[in-house]
Every structure is written in structure tokens, then in C-alpha cells.
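Only the coordinates and a few stated rules stand behind these numbers; no lab work does. Just so we're clear, the structure is a prediction, and the values are computed from it rather than from any experiment. Cβ atoms come from the backbone with ideal geometry, glycine included; neighbour counts cover every protein chain shown.
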Amino acid sequence: MLSCITSVKEGMEISTELPENYVPKRILHDWTDHPVGGVGTPWWLKCDKYIEIACFSCGCNLRCPQCQNWTTTYCGKGRPISPSEAARITTYMRKRYRVNRMAISGGESTLNRKWLLSYVKTLKELNQDSDVRIHIDTNATILTRDYIDELVDVGMTDIGPDLKGLKVETFMRITGIKDRELAEKYLKTSWDAFRYLVDNYKERLFIGVGIPYNKALISMDEMIMIGERVAKIDESVQICVLDYRPEFRNVTISRPSYTEMLNVWKTLKGIGLKTVICQTSLGYIGP
């Protein structure tokens with residue numbers, strides 16, 4: 001029976017264990033050539049030329065009212081594919097566009113752990129003849145320490161975790177998570193993932209942090225507190241501030257102006273953060 005449409009009944013036995021030979025599958029969208037990359041892309045590579053191939057995984061554990069990629073996040077249509085098939089397509093696209101970077105974002109890329117680990121491992125195996133970079137962008141809400149260790153072991157080289165607030169109320173507003181206990185768990189996991197990455201993998205991985213900004217969702221005071229906390233962990237880490245625009249179910253907000261984003265940039269730089277990039281409608285500010 002399909003678990004997604006089967007009603008729970010009295011006496012039902014539910015097993016979450018899958019057969020050892022089970023091959024996980026995911027629906028992916030849009031193998032795209034990127035000139036700017038994502039949160040986990042080094043700022044000095046962002047240019048007018050193609051720098052990486054990216055694909056986007058459908059599905060997410062969050063319910064952001066203003067989801068910036070909602071046509072992928074909430075899409076249940078398409079043919080689910082195995083990690084090996086996805087890796088072959090990504091490798092083909094990398095070679096076609098003559099780049100050495102391959103990225104996956106979402107939706108949320110980390111949802112199917114077995115799938116993602118197999119995908120990254122296969123990418124590494126298929127591209128042994130090249131100095132490739134394997135980049136994962138994630139909301140980091142389920143990115144536990146052992147999960148990070150496994151991703152590094154199979155070949156991840158670059159990562160861009162999001163930090164969607166410092167206060168749980170802000171996190172709930174941005175993500176649409178109404179269960180406070182769950183929101184607290186997700187928020188704590190994302191911050192813990194960032195610290196663990198810096199403390200254990202700073203020399204092995206490129207780490208970029210994404211922070212969303214829109215005055216309707218998060219205050220400048222909280223942006224300052226986030227900046228101060230990040231600076232205590234690592235003042236040199238790359239910060240990408242994302243100017244959240246009206247999308248999906250939250251079209252009443254206005255996209256931050258260039259002047260607003262410039263103020264965010266100046267504020268975070270003033271805190272002592274060394275590398276800050278702010279996304280705007282006119283291009284990037286910074287670092």
C-alpha cells in the first residue's frame with residue numbers, strides 16, 4: 001500500500017524499514033547551467049560565464065509561505081529517478097558545459113538521506129578524472145552531525161546551509177512551521193550544523209551561509225544578532241543575504257530595495273563579518 005494515501009487504522013502494523021536492495025528515487029527538476037551558483041558557491045566565481053551545473057530536488061520539510069522556488073518544492077509530478085541515473089545526467093551536463101562544479105538544491109536536497117549519499121558518491125566515482133566540486137545547498141534543519149560526516153566521506157566539497165532566523169518566532173514566520181516544538185528542533189539543528197561544519201571541516205569544505213531578509217519577516221535587530229552570533233563562530237565565513245521577494249502564498253510582501261540591501265550589507269560588515277554578499281534586484285553587493 002502507498003503510505004502517502006493509506007489511512008491509519010486500529011491494529012495496523014507500520015514498518016519504516018526498507019529492504020536492503022531498495023533503490024531510493026527522487027523527482028528532480030531542471031539541470032541548469034548557472035553563472036552565479038548558490039549559497040555554497042564561492043563569491044569569486046560568480047560571473048557572466050557558466051560556473052556550475054545545478055539540479056533541484058522536489059519536496060521540502062518546511063512550508064515557507066513565500067517559498068522562492070515553490071514550483072519545484074511543491075511539485076509531485078514527474079518521474080522519480082535513482083541516484084545513479086541522476087548522477088549520470090549531471091555528469092553529462094557538466095562535461096557539456098565544461099565546468100567543474102555540480103550542485104543540488106531544492107526544495108530540500110537532504111530529505112532522502114540514502115538517495116543523497118548515493119548520488120554524491122556516484123558523482124564522485126563518475127568524475128574521478130576531474131578536479132570536481134560537489135556542492136549542496138540546504139535548509140540544514142535535518143542536517144545532523146553524522147549526516148554531515150557521511151556527506152563529506154562520500155565526496156561533498158561545498159555546502160550552503162541556511163539560517164532562517166535566530167528567534168523561534170521568526171523561524172516559524174519564515175518557514176510556515178506552526179508546531180513550536182518542531183520549529184525549535186529545526187532551528188537548533190540548523191545552527192548546530194553550521195557550527196559543526198566550521199569546527200570540523202573548515203579546512204576541507206567551502207562553507208557559505210544563507211540568511212533570508214525581508215523587513216516583513218525579520219527585523220534588522222535580529223539580523224544584527226544573527227551576524228554577531230555567526231561572527232563568534234567564524235567571522236570569515238561567506239554570508240549570502242537573500243532578498244526574499246513576494247512568491248507563492250505570500251505575495252503581499254515587497255521585495256527589499258537596493259538601498260535596503262545595501263544597509264544590510266553595511267550593517268553586517270560593521271559587525272566584523274569579512275565576506276558578505278547581498279542579493280538584490282540589480283545584482284550582488286559585496287563582498
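When the chain is modelled as a GNM with alpha-carbon springs shorter than 10 Å, which of Val132, Val251, Val36 fluctuates the most?
Val251
What is the local net charge at Pro65, summed over the other residues whose Cβ is closer than 12 Å to its Cβ (Lys, Arg +1; Asp, Glu -1)?
+3
Taking a ≥ b ≥ c as the square roots of the eigenvalues of the Cα gyration tensor of the range 150-287, is the shape rounded (a/c under 1.5), prolate (a/b larger than b/c) or oblate?
Cα axes put the range 150-287 in the oblate bin.
Out of Asp243, Asp30, Asp129, any idea which swings most in a Gaussian network model of the chain, alpha carbons joined below 10 Å?
Largest GNM mean-square fluctuation: Asp129.
Among Leu163, Ser254, Val132, which residue has its Cα positioned farthest towards the positive end of the charge dipole of the range 28-285, with +1 placed on the Cβ of Lys and Arg, -1 on the Cβ of Asp and Glu, and the dipole taken about the Cα centre?
Ser254
Please give the net charge around Glu150, taking every other residue with its beta carbon less than 12 angstrom from that of Glu150, where Lys and Arg add +1 and Asp and Glu add -1.
Counting the neighbours of Glu150, the net charge comes to +1.
Given Cβ point charges of +1 (Lys, Arg) and -1 (Asp, Glu) and nothing else, what value in debye, to the nearest 20, does the dipole of the range 28-285 about its Cα centre take?
It comes to approximately 440 debye.
For Tyr284 and Ser15, what is the calculated FRET efficiency with R₀ set at 51 Å and r taken between the beta-carbons, to the nearest 0.05?
After rounding, the FRET efficiency stands at 0.60.
Before anything else, pin down the relative contact order of the chain: Cα pairs under 8 Å, at least 6 apart, normalised by residue count, whole percent.
Rounded, it is 17 percent for the chain.
Can you quote the Å³ per residue value for the convex hull of the Cα atoms in the range 28-285, rounded to an integer?
117 Å³
How much of the DSSP bridge set in the range 28-285 is antiparallel, in percent, rounded to the nearest 5?
If I count the DSSP bridges inside the range 28-285, around 25 percent turn out antiparallel.
What is the sum of charges, Lys and Arg at +1 and Asp and Glu at -1, for the other residues whose Cβ falls under 9 Å from the Cβ of Trp115?
Net charge around Trp115: +4.
What would the Debye formula give as log10 I(q)/I(0) at q = 0.13, 0.20 Å⁻¹ for the alpha-carbon point model of the range 1-99, no solvent?
For the requested q values the scattering log ratios are -0.67, -1.17.
Mind checking which of Met220, Met12, Met156 has the largest fluctuation in a GNM of the chain, springs on alpha carbons under 10 Å?
Met12
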